[in-house]
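Enquirer: Just passing along the structure, written as structure tokens.
The values are calculated or read from the model by the stated rules, or taken from the named source; none is laboratory data. Just so you know, these numbers come straight off a predicted model, no measurement behind them. Quick reminder, even Gly has a Cβ in these numbers, built from the backbone with ideal geometry, and neighbours come from all protein chains shown.
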Amino acid sequence: MITIRPFLLIALAITGLLTAGCEGTQAPSADLILHNANIYTVDETKPWAEAVAIKNGDIVYVGNNEGVKQWVGEYTQQQNLNGKMLLPGFIDSHAHVVMGGAYVRSLSLDTYATPEVWLKQIKHFAEQNPDVPHLLGYGFLSSAFGPEGPSAKMLDTVVSDRPIFIWDEGFHGGWVNTKAMQLLNITSTTPDPASGFSYYKRDSDGNPSGYLLEVTANMAVAELNLITSESIALGASDIIKIMNSYGITSMFDASAHAFEKHLFATMDQLVEQQQMTIRFAGSIFFDAEKTLTELINEVKQAARYTKNKPYKIATVKIMNDGTVEGKTAGVFEAYQGEPHNKGETVFSQQQMNTMITALSKENIDIHVHALGDRAIYETLNAIELAKQKYPDSKTGFTICHVQLITDEDIARMAKLGVIAQSTPLWASYDEYGKAFVSAEQFSRFFRYNSLKTAGVALSFGSDYPSTGAGTLGMSPLFNIEIGHTRQNAGDKTGAIQPNKNERLDLASLIHGYTLGGAIQLKMQDSIGSISVGKKADFVVLDKNLFESDIYNIHKIKVLQTILGGATVYQNIERSRPDYPVQ
Ligand SMILES: [Zn+2]
């Protein structure tokens, strides 16, 4: 034994050395290699590359065509991209897939048409959906029917065999047919929940005429079982597919609002049916009916429930004002023609302070809707206070939309490390919104370049279904072009949204749609750039964005979308769901 021992030690040492030598010269083989590509990595240490290697869904190599060869093994799939552009998968940092999913398969009326046109659209939709037991739609302008509102009798002329419910454009009133009223048992003796606000519109004899206001409309939607977790999941899977077709691989769901009770069931169903072809981070909406303690418990519970799921819900969404077009965004200077209307903030400064401080204490991420300069100012006051109180809190702060902001608050956002989230297509010339604000306010719309220059982190998304451009509004390329030109897509001679200096450079727009979104989601260690160790999420584009005519960027085709190394979209035949894509 004694004589053998040194020999054994030497033998082991040699074996060890040999093994180490093998590993040094030959890398383990990759599952997939994409080569001969124009790769813009969004990784500032190595912005451009030619090839990537993927193993187990992760990026294991980023470099040139020569270097990637060491990753080729017997079973490695290789794809020659023939010089096409490869980018990190896009991240939509603010959309409503669950809320949108509830309606995407329903009838969308052309809001600015006439009652005659709407009836034709309704008839057509009913004919196209003969097997749907109850029909759902939205989008008519209630004022088009005069003070009496729309009637069941009118709807009966086009659909009488099954119930139909149609929301007005603001989702405040519902138009139903006689069949629906029968099923809901709405008669002359049915009491109004709150007369003059939540009530059944009636004729001179007191008979309900078929127009349901506020709570009565919501009750009808619930009782007719028009929206279920199943129907939302179907719609949500349509939206996810459209997102994939635009190169999106991750998204933030900025609350399900009225459909929050369906949130988990919808998500679980998508996972079960293998429709979750996107990385999904969601949020819990803080509405006035919840106490702060209830909200915190709900978010903690959501975070626990989704901890080991392929989707995560752990952020709070707060709505702090409305919109400029609705004259409800909180602004410092009153709206034009309404000297006393400075919009609304949903919460008082005191309430915002309490809320944001309490959430900071719990390290919960916060996403605040604030469009107007006053709403942003008050939100930042609350964040400043919370940061003083809990300087070590891990809470991430995002203000979404950021339509109108002061110089002082741009500097404050940078100082406080608050992310500015926005939808670049809204930065096209705002012919409609112009009438509501002063020229000075108009010149401070969507100040992306000032925000960037000040050092504010930017993230971009669609706000679907409220894009203002239908499903096309989900396209990052469409948004990138407009964020860069501040004109309508493709419209070289069209009006430019002031201030022209707020045009944002392409690299920053791409950053906002990739790494910027990842930072907002706190996922920058795993997504957002093409770097070794991150997830293999990519989009392959027909043309190099940086070499395209800027007015043609929206026309660049997405050829392929890859999520964790697996192709989730390929532009062989551009197939889309069969509802009208706007
Ligand atoms: Zn939104």
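Enquirer: Working carefully through the options I482, I510, find the one that is crowded, with 24+ Cβ neighbours inside 10 Å and in a helix (DSSP H, G or I).
Expert: I482
Enquirer: So, G174, is that one buried (at least 23 other Cβ atoms within 10 Å of the Cβ), more than 16 Å from the ligand (Cβ to nearest atom), under 30 Å from I313 (Cα atoms) and outside the structural domain of A469 (by TED's automatic domain parsing) or not?
Expert: no
Enquirer: Something else: Is there a residue being within 30 Å of K312 (Cβ to Cβ) and of a type outside the set (A, V, I, L, M) anywhere in the stretch 118-137?
Expert: Within the stretch 118-137, none of the residues are within 30 Å of K312 (Cβ to Cβ) and of a type outside the set (A, V, I, L, M).
Enquirer: When only residues in the stretch 485-507 that are charged (D, E, K, R) and assigned to a loop (DSSP other than H, G, I, E, B) count, which is surrounded by the most Cβ atoms within 10 Å (Cβ to Cβ)?
Expert: Taking the candidates together, the pick is R486.
Enquirer: State all residues of the stretch 397-436 that are modelled with pLDDT under 95 and of a type in the set (G, A, S); if no residue qualifies, say none.
Expert: Across the stretch 397-436, the qualifying residues are G433, A435.
Enquirer: In the stretch 548-561, is there at least one residue being over 20 Å from the mean Cα position of the chain (by Cα) and modelled with pLDDT under 95?
Expert: Checked the stretch 548-561: no residue is over 20 Å from the mean Cα position of the chain (by Cα) and modelled with pLDDT under 95.
Enquirer: From the list F446, F538, which one is touching a Leu at 6+ places or on another chain (Cβ under 7 Å), surrounded by 23 or more Cβ atoms within 10 Å (Cβ to Cβ) and modelled with pLDDT of 95 or more?
Expert: F538 is the lone residue from the list that is touching a Leu at 6+ places or on another chain (Cβ under 7 Å), surrounded by 23 or more Cβ atoms within 10 Å (Cβ to Cβ) and modelled with pLDDT of 95 or more.
Enquirer: Please determine whether any residue of the stretch 129-136 is closer than 27 Å to L472 by Cα, surrounded by fewer than 18 Cβ atoms within 10 Å (Cβ to Cβ) and of a type in the set (A, V, I, L, M, F, W, C).
Expert: Within the stretch 129-136, one or more residues are closer than 27 Å to L472 by Cα, surrounded by fewer than 18 Cβ atoms within 10 Å (Cβ to Cβ) and of a type in the set (A, V, I, L, M, F, W, C).
Enquirer: Residue by residue through the stretch 336-345, note down the ones that are surrounded by fewer than 21 Cβ atoms within 10 Å (Cβ to Cβ) and in contact (Cβ under 8 Å) with a residue 24 or more places away in the chain.
Expert: Result: Q336, K342.
Enquirer: Go through the stretch 225-258 and report how many residues are touching a Leu at 6+ places or on another chain (Cβ under 7 Å) and within 16 Å of the ligand (Cβ to nearest atom).
Expert: 3
Enquirer: Answer yes or no as to whether G330 is in a loop (DSSP other than H, G, I, E, B), modelled with pLDDT under 95 and closer than 30 Å to E169 by Cα.
Expert: no
Enquirer: What helices (runs of 4 or more DSSP H), lying completely within the stretch 84-157, carry at least 2 residues that are under 23 Å from the mean Cα position of the chain (by Cα) and among the aliphatic types (A, V, I, L, M)?
Expert: Here the list reads 97-103.
Enquirer: Residue check: is V97 at pLDDT below 95, under 22 Å from Y246 (Cα atoms) and within 16 Å of the ligand (Cβ to nearest atom)?
Expert: No: the conditions fail for V97.
Enquirer: Which of the strands (runs of 3 or more DSSP E) contained wholly in the stretch 188-288 include at least 2 residues that are over 16 Å from R105 (Cβ atoms), among the small types (G, A, S) and touching a strand residue (DSSP E or B) at 6+ places or on another chain (Cβ under 7 Å)?
Expert: 208-213, 279-285
Enquirer: I've got another one for you. Any residue at all in the stretch 156-166 that is of a type outside the set (A, V, I, L, M) and out of contact with any Lys or Arg (no Cβ under 9 Å at 6 or more places or on another chain)?
Expert: yes
The rows are residues; the columns are (1) more than 14 Å from P310 (Cβ to Cβ); (2) surrounded by 20 or more Cβ atoms within 10 Å (Cβ to Cβ); (3) outside the structural domain of F397 (by TED's automatic domain parsing).
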{"position": "N244", "(1), (2), (3)": "yes, yes, no"}
{"position": "S255", "(1), (2), (3)": "yes, yes, no"}
{"position": "A258", "(1), (2), (3)": "yes, no, no"}
{"position": "K261", "(1), (2), (3)": "yes, no, no"}
{"position": "M267", "(1), (2), (3)": "no, yes, no"}
{"position": "E272", "(1), (2), (3)": "no, no, no"}
{"position": "I278", "(1), (2), (3)": "no, yes, no"}
{"position": "E289", "(1), (2), (3)": "yes, no, no"}
{"position": "T293", "(1), (2), (3)": "yes, no, no"}
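Enquirer: T328: under 16 Å from C400 (Cα atoms), in contact with an Asp or Glu (Cβ under 6 Å, 6 or more places away or on another chain) and surrounded by fewer than 21 Cβ atoms within 10 Å (Cβ to Cβ), yes or no?
Expert: yes
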